[in-house]
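Encoded as structure tokens, the structure appears first; notes follow it.
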Amino acid sequence: MPDQHAVVTGCSSGIGLAITRRLLADGWAVTGVSRTAKPLDGKFEWLQADLAEPESLADSIAGLRPVDALVHAAGFQRTAPLGELDPSALSAMFDVHVSAASILANALVPSMPDGGRIVLLGSRTATGSPGKSQYAATKAALMGLGRTWAQELAPRGITVNVLSPGPTDTPMLNDPGRAATPVRMPALGALVDPDDVAALAAFLLGPHGKSITGQNYVICGGASL
């Protein structure tokens with residue numbers, strides 16, 4: 001799709017980087033939004049923004065040409081059991097996962113052409129996982145956003161879907177902030193490959209994703225079995 005333009009958050013690392021690379025390889029023009037620059041080949045433009053300060057995002061993306069797709073992949077995880085929860089961790093994750101998604105979609109969707117696409121990165125843990133209640137709550141909120149937007153935007157042919165990976169081979173797994181919940185190997189015996197998540201994202205963003213909306217796709221390597 002040589003004329004297609006996507007905005008991808010979290011483009012400098014992990015799943016966001018994998019999706020950005022896949023879209024560039026498929027001929028998309030991509031505007032990446034992240035705190036850290038990541039030089040990439042192809043039709044790539046980088047915008048520096050801190051999604052932990054979502055109120056600044058509207059100004060950061062002002063002036064962008066209309067986008068055909070929005071992929072919100074930025075995220076991080078803080079874990080703790082009940083009794084040791086940090087309210088600031090919940091607030092920070094909500095800002096990055098939920099508030100940023102809402103502000104970006106609110107700014108970009110009015111000018112998005114009919115037939116556009118939105119993909120939100122959720123998590124397998126959104127249905128609950130010990131030690132991850134705050135993280136799970138913010139990812140579950142994306143389900144509410146996604147299904148509501150899917151209903152609102154269906155008359156315009158704009159699809160909205162959620163991808164919910166299980167333990168994925170990204171730097172997030174080594175973040176000290178999630179040390180309270182050690183990684184458990186999925187049933188298939190390997191961590192989820194970010195490129196596999198990116199491949200499904202590319203399908204949903206592509207021409208054959210036009211009949212799929214309001215759905216949640218769990219990519220967990222069998223972790224949910």
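The values are calculated or read from the model by the stated rules, or taken from the named source; none is laboratory data. These numbers come from a predicted model, not from an experiment. All Cβ positions, glycine included, derive from the backbone under ideal geometry; neighbour counts span all protein chains shown. Keep in mind that these areas ignore ligands, DNA and RNA; they rest on the heavy atoms of the full protein, side chains included. Shrake-Rupley method; radii C 1.70, N 1.55, O 1.52, S 1.80 Å.
Residues in region 100-105 carry Karplus couplings, in order, of 4, 4, 5, 5, 5, 5 Hz; the curve used is 6.51 cos²θ - 1.76 cosθ + 1.60 with θ = phi - 60°, and Gly or Pro positions show x.
For the pair region 47-97 / region 114-138, the C-alpha centres are spaced 13 Å from each other. For M143, M112, M185, the ranking by accessible surface with the largest value first comes to M185, M143, M112, using a 1.4 Å probe.
If we count every other residue with Cβ under 14 angstrom of S60's Cβ, Lys/Arg +1 and Asp/Glu -1, where does the sum land? Walk me through the numbers on the way to the answer.
Values: positive: R35; negative: E45, D50, E53, E55, D59.
Net local charge, S60 excluded: -4.
Let me test this: with uniform point scatterers at the alpha carbons of the chain, what is the Debye-based log₁₀ I(q)/I(0) at q = 0.10, 0.17, 0.18 1/Å? Debye intensities relative to I(0), on a log10 scale: -0.40, -1.24, -1.39.
The dipole here belongs to region 1-143: it is taken about the Cα centre, uses +1 on the Cβ of Lys and Arg and -1 on the Cβ of Asp and Glu, and is about 440 debye. The angle between the Cα long axis of helix 133-153 and the main principal axis of the chain comes to about 30°, on a 0 to 90 degree scale. Given a 1.4 angstrom probe, I'd like the percentage of the accessible area of the chain that is carbon and sulfur, rounded to a whole number. The computed percentage sits at 53. Positive contributions from Lys and Arg (+1) and negative ones from Asp and Glu (-1), summed over other residues with Cβ under 14 Å from the Cβ of A154, come out at +2.
Distant-in-sequence amide contacts of Y217, defined by a placed amide H-H separation under 5 Å and a gap of 5 or more residues or a different chain, comprise V162, L163, S164. Accessible surface of W46, taken over heavy atoms with a 1.4 Å probe and every protein chain present, rounds to 80 Å².
Shown here are the Rg and Dmax of the Cα trace of region 27-158, at 15.7, 49 Å. Ordered by 1.4 Å accessible area with all protein chains kept, F44, F94 run largest first as F94, F44.
Amide H contacts of W46: G32, each under 5 Å away and 5 or more positions distant or on a separate chain (H built 1.01 Å from N in the peptide plane; Pro and chain starts excluded). Have a look at A201, A73, A190 and tell me which one the Gaussian network model of the chain (Cα, springs below 10 Å) gives the largest fluctuation. Sorting by GNM fluctuation, first place goes to A190.
A helix-only calculation puts the chain at -9000 deg cm²/dmol for mean residue ellipticity at 222 nm, using -39500 (n - 2.57) for each DSSP H run of at least four residues, averaged over all residues. Taking all C-alpha pairs of region 17-105, those more than 23 Å from each other amount to 30 percent. Think of region 37-179 as having a plus end and a minus end, set by charges on the Cβ of Lys, Arg, Asp and Glu; of A92, P176, V119, V119 sits farthest toward the positive end of this dipole. Listed values for region 193-201 are Karplus-derived 3J(HN,Hα) couplings in whole Hz (6.51 cos²θ - 1.76 cosθ + 1.60, θ = phi - 60°), namely 7, x, 5, 5, 5, 5, 5, 5, 4, and x replaces Gly and Pro. Residue-wise HN-Hα couplings along region 155-170, as the Karplus relation 6.51 cos²θ - 1.76 cosθ + 1.60 with θ = phi - 60° gives them from phi, are x, 9, x, 8, 9, 9, 9, 10, 9, 10, x, x, x, 10, 6, 9 Hz; Gly and Pro carry x.
How long is the gain from A187 to I212 if the chain were fully straight, where each residue apart is worth 0.36 nm and the alpha carbon distance is subtracted? Intermediate results must be reported in sequence, preceding the final value.
Details: separation 25, 0.36 × 25 = 9.00 nm, distance 2.76 nm.
Stretched out fully, the A187 to I212 stretch lengthens by 6.2 nm.
The modelled label-to-label distance for the pair L82/N106, using points 7 Å beyond Cα in the direction of Cβ, is 3.2 nm.
Let's test the formula: R0 of 25 Å, r as the Cβ-Cβ distance of E152 and L64. What FRET efficiency results, to the nearest 0.05?
Numbers: r = 22 Å, r/R0 = 0.86.
The computed FRET efficiency comes out at 0.70.
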